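K.L.:
Sending over a structure as structure tokens; questions will come in a sec.
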Ligand SMILES: C[S@@+](CC[C@H](N)C(=O)[O-])C[C@H]1O[C@@H](n2cnc3c(N)ncnc32)[C@H](O)[C@@H]1O
């Protein structure tokens, strides 16, 4: 499909089709790249995320399917925020999701920190057509890819892209969501990382400092300052966090024990390495509305 720039249906419909010399050499080159470990997505330049075909280059992390959980979390919580409609979390057909969430997202303000290819921001911009979307990255090259993806999906007027170290200099306040999938692998664990990732994906997208938690630890207070009371932060992190046992990480205590988040509402999903935390002081209202769902998530 990549060699012929065609879809699967064309291949099935034309079994007799022979490759020209040029096509054959393109195919051989792609095989050669793959044989030396280059991820298929960097060879083809594409990866699907949330039903969208995204451009990927070696400047960005290849979007992972489990990162869709971050999108799902926002959609689920967004419907339960005070002053907005019912939960938008529904069947994964775009038409249903958009129509359900459309009613609930007016005035909702979302920031995706470390946007990379733009996958999270784009998915949320598509699902929340009336929300105000911001996305940051420290890498100029990554932002170029994210902007290209936004244009590719006619979302360029929906997302404000910023080059920034986390939220530094952005002057964003009163956000409903600060979501992120920042680097969280420790440099000390480098030898445990898959060779393809280590060798070909951007280092600043994978490694988050000596222990892997350094970038996220800086994000937490900045996210708190930018959230409105009752707003949510959702981030991915390794289970093993420094100075804390895995038990404390599972319950979110490592981060939630700071005055920023209410420990009882921080949750951790092991399979997706995802933390969610809610900013005080609107805690009672949120607990009434969605405490049940959160407890079942922990
Ligand atoms: C793990 S990748 C995730 C990309 C995308 N959000 C995804 O889920 O596929 C992390 C991204 O965070 C960016 N990043 C790393 N450190 C950062 C920082 N201090 N401030 C902003 N972005 C940062 C990297 O350039 C990279 O694009």
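K.L.:
Out of everything in region 47-79 that is touching a strand residue (DSSP E or B) at 6+ places or on another chain (Cβ under 6 Å) and within 21 Å of residue 194 (Cα to Cα), what residue ends up being surrounded by the most Cβ atoms within 10 Å (Cβ to Cβ)?
P.N.:
63
K.L.:
Filter region 188-208 down to the residues that are more than 13 Å from the ligand (Cβ to nearest atom) and either within 16 Å of the chain's Cα centre (by Cα) or in a loop (DSSP other than H, G, I, E, B) (or both) and list them by number. Full working, then the answer.
P.N.:
If we filter region 188-208 for residues that are more than 13 Å from the ligand (Cβ to nearest atom), which is where we start, we get 188-192, 194-196, 198-200.
The answer is 194, and nothing else.
K.L.:
Related question: What are the pairs with Cβ atoms under 6 angstrom where one residue, in region 151-171, is exposed (fewer than 12 other Cβ atoms within 10 Å of the Cβ) and the other, located anywhere, is modelled with pLDDT of 95 or more and in a strand (DSSP E or B)? Sequence gap at least six, or different chains.
P.N.:
From region 151-171, no pairs qualify.
K.L.:
From the list 136, 211, 140, which residue is buried (at least 17 other Cβ atoms within 10 Å of the Cβ) and more than 29 Å from residue 77 (Cα to Cα)? Reasoning before the result, please.
P.N.:
On the way: 136 fails: more than 29 Å from residue 77 (Cα to Cα); 140 fails: buried (at least 17 other Cβ atoms within 10 Å of the Cβ).
The conditions single out 211.
K.L.:
Only one of 217, 226 is within 16 Å of the ligand (Cβ to nearest atom) and either under 17 Å from the mean Cα position of the chain (by Cα) or at pLDDT below 90 (or both); which?
P.N.:
Numbers: 226 fails: either under 17 Å from the mean Cα position of the chain (by Cα) or at pLDDT below 90 (or both).
Of 217, 226, the one residue that is within 16 Å of the ligand (Cβ to nearest atom) and either under 17 Å from the mean Cα position of the chain (by Cα) or at pLDDT below 90 (or both) is 217.
K.L.:
Okay, next question. Would you mention how many residues in region 50-64 are under 22 Å from residue 128 (Cβ atoms), more than 8 Å from the ligand (Cβ to nearest atom) and part of a loop (DSSP other than H, G, I, E, B)?
P.N.:
Summing the residues that are under 22 Å from residue 128 (Cβ atoms), more than 8 Å from the ligand (Cβ to nearest atom) and part of a loop (DSSP other than H, G, I, E, B) in region 50-64 gives 2.
K.L.:
If you don't mind, there's one more thing I want to ask. When the residues of region 21-38 are filtered to those that are surrounded by fewer than 10 Cβ atoms within 10 Å (Cβ to Cβ) and over 21 Å from residue 200 (Cβ atoms), which remaining residue is farthest from the chain's Cα centre (by Cα)?
P.N.:
Residues of region 21-38 that are surrounded by fewer than 10 Cβ atoms within 10 Å (Cβ to Cβ), as a first pass: 21-22, 35-36.
Now restrict to residues that are over 21 Å from residue 200 (Cβ atoms): 21-22.
Values: 21: 41, 22: 38 Å.
Among those residues, the one meeting the criterion is 21.
The values are calculated or read from the model by the stated rules, or taken from the named source; none is laboratory data. Keep in mind that what you see is a predicted model, and the values were worked out from it rather than measured. For neighbour counting, all protein chains shown are included, and Cβ atoms are generated from backbone atoms with ideal geometry for every residue, glycine included.
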